[in-house]
Every structure is written in structure tokens, then in C-alpha cells.
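All remarks here apply to the structure that follows.
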Amino acid sequence: MSAVHNEHERVIKAPADAVGALLDRLSADDDPLFPTPAWAAMTFDRPLGVGATGGHGPVRYSVTEYEPGRRVRFDFTPPDNGFHELSIEPAGEGLGEGYCRVRHVLRTELIGKDRLLWPAVVRPLHDTIIEEVFDNIERAATGGCARPVRWSPRVRLYNRLMWSRPETIGIPEAARLIRTAVDRPGYEDAYRMELLPGQPRDPAAWTGILRDAFPVIAREGGEALLEVEAAGLTARASILVEGCHVTLSTVVRADALRSRAYWGVVKHVHPFMARMMMRRAHRRLALATPAAGERDLERRRSTVSGPSHLVSG
């Protein structure tokens, strides 16, 4: 076996009690710390506390120790071993009472293939995510971040490869515009993805899935209907934002010989292209979303001054 001891710390220009209040919101719906939506959210089967089980992405763990406002420890779920822990304490001598120290510690024993995965894949991702957690603490507690972490080319590649993929579904009942847009369609499909924290809930923001190449001809509630005309096809596409999902639906009718010949070829690549474009737009909008700490600042400002001008949730 191979032992790993990984530690990050940062001094924050804010009192420990203020930063501790942010720690207590970890994994909540308004979590100001975990770097979503660029990375999978930290979620548990219950509010943060001893016994809560969950994790983030493929990493599974449970809360085994919790001191509100000061420290939380997560033990990895077998077959993984070890723990990671986030703690906050006054910064100590030389910095004054208005500072605190945030520390994250990970300890584990690497077994089998993890000996290769840790240096090549897991550590670069882990180090980046933890530094982004610290960035969000600094933003939420002080109003800004002096030196935010930058993604290395390797981290950017891994993020792209790991990004979730659309799910194939039937056209949703709520997509009323596209359901009546084309008489007797010969083809229809629909793909959906989960809306991540901070992603826009306005369907107009998602029309870039089709690279803004087709005009929006109707809107109703959370649905935007686009006209998709090519080689004589009668085709429509719909972007529906409903609940916690965004859905891309397409209906097509080919009447003339030319359009049938064209669609006979295109229909074989259409599903792949639709899913690829949706996944690409989903990631692009996620990476363009303000950081969790910035969203928390915006929420607090809007509470004081009124509704936010931002369209993101």
C-alpha cells in the first residue's frame, strides 16, 4: 500500500465565526462553497451532520465528525479508505482577530490501480477542487478572491471527458409547442440533461445548443420553439426548461423526394450531433456561470436591494 497525506490551507481575512457559518451550509441547496456547476455538487441523504451519507460525483463518503462552524470530517466509503476533513480556526498570532485559517486534510492508503490513478488523475482534480472551495470561501467572506486557481490543461481535459451526457427520453408533455408544430411527423426525438446550480432557467439562453443558427418562432412558459429548415424538410426544434432539466426535442417530416433523400442520410448522424451539441452547450453554460461564492454574494445583495438582474438561478 502507499500512504497519501494531502493538505491545503489558506488564511482568510474574515473572522472564524463568519467563515464557520459558511461551512455549515456545505451541501445545502444554497451551498456557497462547493465549486458547482463546474464540478458535481456535494450531496447527502440528509442535512449536514454525523451519519449523512453521499459524496460528490463518483467519490463516496459519510460524515463521521461534525463541530458546527468549526470542523467536518468525511470517511470514505469502502472499498476506499481514509478520510478528508475541512476545518476553520482563528489564524493565531501575527494576523489579528479579523483573520482565520481554513485547512483541508486528506489521508488514505492507495491500493491496486489507485496507485496510478492518484498521481495521474485524482490528485490534479482534487487539488483544483479544494483550491476552488477556498476561492469560494474567500469570495463569500470578503467579497472577492485575490488569486483564483487556474485550471491546468490536464484538469480542463479531464473536466471535458467527465462531463455528463444527455439522456434519451420521449418528448415531454410540457413541450406543448413542439407537440403541435408539425403535422404527422415522420421522426421525433428528445434528449435531456440536469440543470446545475446557477445555470440559466430562461430557454432563450439555451438556444445556443443549435449554435444560434435557427430563429425562435414561438415561446410559451419555459419552452422556445425554433424553425429548422434544410433541403425542403419541415422540421422544428424545442428547448424546454422545466423543473430540474433542460430538454432538446426535434420533430421532422420529409415530403418531397429531395427532402426524403437528404433525411435518409442525415437521420443516422442526427442523434449523435444533437447529443454532442447539447452536451457542449451544457458545459459551456456551466463554466460561464458565476462561482458559488459570487452567487452567494449576489443572493445576499438581492435580499437587501431587491430582485437580482441575473437570469441564472
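The values are calculated or read from the model by the stated rules, or taken from the named source; none is laboratory data. These numbers come from a predicted model, not from an experiment. Glycine also receives a Cβ, built like all others from the backbone with ideal geometry; neighbour counts cover every protein chain displayed.
Here are the numbers:
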| quantity | calculated |
| --- | --- |
| Test: residue in region 254-265 that is in contact with a strand residue (DSSP E or B) (Cβ under 7 Å, 6 or more places away or on another chain) and of a type in the set (Ser, Thr, Tyr) | no |
| Tally of residues being within 18 Å of the chain's Cα centre (by Cα) and part of a loop (DSSP other than H, G, I, E, B) across region 150-162 | 2 |
| Region 216-254, residues that are buried (at least 22 other Cβ atoms within 10 Å of the Cβ) and of a type in the set (S, T, N, Q) | 238, 247, 249, 250 |
| Strands (runs of 3 or more DSSP E) (entirely within region 69-149) containing at least 1 residues that are buried (at least 17 other Cβ atoms within 10 Å of the Cβ) and either of a type in the set (Ser, Thr, Tyr) or over 24 Å from the mean Cα position of the chain (by Cα) (or both) | 83-90, 100-110 |
| Check on residue 40, assigned by TED's automatic domain parsing to the domain that holds residue 115, within 15 Å of the chain's Cα centre (by Cα) and either farther than 27 Å from residue 115 by Cβ or basic (Lys, Arg) (or both) | no |
| Checking residue 226 against (1) more than 25 Å from the chain's Cα centre (by Cα); (2) assigned to a helix (DSSP H, G or I); (3) farther than 30 Å from residue 28 by Cα, the condition it does not meet | (2) |
| The one condition in (1) under 18 Å from residue 222 (Cβ atoms); (2) aliphatic (A, V, I, L, M); (3) more than 18 Å from the chain's Cα centre (by Cα) that residue 193 fails to fulfil | (3) |
| Region 172-223, residues that are part of a loop (DSSP other than H, G, I, E, B) and either small (Gly, Ala, Ser) or in the same structural domain as residue 32 (by TED's automatic domain parsing) (or both) | 174, 175, 181, 186, 198, 213, 221, 222 |
| Residue match in region 240-250 (condition: at pLDDT 90 or above, aliphatic (A, V, I, L, M) and either over 32 Å from the mean Cα position of the chain (by Cα) or farther than 16 Å from residue 166 by Cα (or both)) | no |
| Qualifying residues in region 41-68 (those that are of a type in the set (A, V, I, L, M) and crowded, with 19+ Cβ neighbours inside 10 Å) - the one nearest to residue 283 (Cα to Cα) | 42 |
| Complete set of residues in region 189-214 that are at pLDDT 90 or above, surrounded by fewer than 19 Cβ atoms within 10 Å (Cβ to Cβ) and closer than 25 Å to residue 260 by Cα | 189 |
